[in-house]
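Undergrad: Sharing a structure below in structure tokens format, with a few things to ask.
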Amino acid sequence: MADTYSTNKEAIGINRHNGKEYPGKQEQIVSKDLFDRVQQKMHRKRPSRYRHHNPIFKNLITCKNCGGVVTWQLQKGRYYGTCQRGSEQCKGRKLLREDKIEAEISQMLGKLVSPSQEVIEWAAQAMRDRHEGSIESNKQLYASIRTQLERIERMDSNLYDDKLAGDISAEKYEQKHQELVASKQELETRLSKIDNSLAEMLDKKLVLLELSQKAAELYTSKPPEQKRIIITKLFRRLEYSEGAVSVIYTNFSRAIAQNVQLTSTLLGGTK
Ligand SMILES: [Zn+2]
């Protein structure tokens, strides 16, 4: 029953969701919640579900030689992958072993785990701070344009009253009215260009950062569907070439791995 993950009582860092902090005991819930959020935030490359034939790397590895997808077959309880395309270069290649690639993935996930939780929290805070400024100035710009739009609508309405009351001629009304319509359109265009996705982008990055710190541990105990989520979120691609698979980080993951290496060097150096 007890898997290593749920018995690990250590705090696992930034377990925040909607501003709430989760205590370490609820790690299991948090990890499920993390997956839900990862899926909610990122719909891209959602892995397919197969109940019976369920190799972990299904549709995840491309052949560098022909661009085809590596396909998997079960032999004596173990999945073997190969490029089935017709190309001569692809034929007769060594079979890939699922467990070997898993070992490579695990090793690369391990390189994402920071030896210092403080450094990761500091990075998360830096992301929040950077975004806060942009989000705040966007909000102010949005409010100011809304105010101008309301003013124009009031002017237009007054203008119409003036026309009805006979205070201005029909031609004068039409001319002024068209001017107001043009200003209104311009403001509406500006309004639509304000980027409202900034807050969402921040959430997405924070979730990825959290995932990067927990993935190495989660990976060992999760079913294929969740393994695929971890792989697709933290790696850009897995490429089959010369009988081996190269695993390539996303830019985000690579930046974390570099930071972790630097942190480790610094911590090691001061001991
Ligand atoms: Zn191929």
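Undergrad: Return the residue satisfying two criteria in turn: it lies in region 54-70 and is crowded, with 17+ Cβ neighbours inside 10 Å, under 14 Å from Glu239 (Cβ atoms) and within 21 Å of the chain's Cα centre (by Cα), and of such residues it is nearest to the ligand (Cβ to nearest atom).
TA: Top of the filtered list is Ile61.
Undergrad: Filter region 97-122 for residues that are of a type in the set (Ser, Thr, Tyr) and at pLDDT 95 or above; which is farthest from the ligand (Cβ to nearest atom)?
TA: Quick first cut of region 97-122, residues of a type in the set (Ser, Thr, Tyr) only: 106, 114, 116.
Narrowing the set further to residues that are at pLDDT 95 or above leaves 106, 114.
Details: Ser106: 26, Ser114: 37 Å.
The residue in question is Ser114.
Undergrad: Would a scan of region 89-96 turn up a residue that is surrounded by 12 or more Cβ atoms within 10 Å (Cβ to Cβ), of a type in the set (D, E, K, R) and within 16 Å of the ligand (Cβ to nearest atom)?
TA: Taking every residue of region 89-96 in turn, at least one turns out to be surrounded by 12 or more Cβ atoms within 10 Å (Cβ to Cβ), of a type in the set (D, E, K, R) and within 16 Å of the ligand (Cβ to nearest atom).
Undergrad: In addition: Looking only at strands (runs of 3 or more DSSP E) that fall completely inside region 49-165, which ones have 2 or more residues that are hydrophobic (A, V, I, L, M, F, W, C)? Can you show your working first?
TA: Working: elements: 61-63, 70-75, 78-83.
Per the criteria, 61-63, 70-75.
Undergrad: Do the conditions hold for Thr220, that is, is it touching a Leu at 6+ places or on another chain (Cβ under 7 Å), open to solvent by 20 Å² or more (accessible area, probe 1.4 Å), of a type outside the set (D, E, K, R) and outside the structural domain of Ala124 (by TED's automatic domain parsing)?
TA: No, not satisfied.
Undergrad: Here is a follow-up. Failed condition for Thr147, given (1) open to solvent by 50 Å² or more (accessible area, probe 1.4 Å); (2) under 31 Å from the mean Cα position of the chain (by Cα); (3) β-branched (Val, Ile, Thr), with all others met?
TA: In the conditions (1) open to solvent by 50 Å² or more (accessible area, probe 1.4 Å); (2) under 31 Å from the mean Cα position of the chain (by Cα); (3) β-branched (Val, Ile, Thr), Thr147 misses (2) alone.
Undergrad: Taking region 129-140, which residues are touching a residue at least 12 places away in the same chain (Cβ under 8 Å) and either loosely packed, with under 14 Cβ neighbours inside 10 Å or among the β-branched types (Val, Ile, Thr) (or both)?
TA: Ile135
Undergrad: Can you confirm whether Lys20 is under 30 Å from Glu200 (Cβ atoms), open to solvent by 100 Å² or more (accessible area, probe 1.4 Å) and either modelled with pLDDT under 50 or touching a Lys or Arg at 6+ places or on another chain (Cβ under 7 Å) (or both)?
TA: Yes.
The values are calculated or read from the model by the stated rules, or taken from the named source; none is laboratory data. This structure is a prediction, so every number in the text was calculated from the model and none was measured. Don't worry about glycine lacking a Cβ; one is built from the backbone with ideal geometry, like all the others, and counts go over all protein chains shown. These area figures cover heavy atoms from the full protein model, side chains too; ligands, DNA and RNA do not enter into them. Shrake-Rupley method; radii C 1.70, N 1.55, O 1.52, S 1.80 Å.
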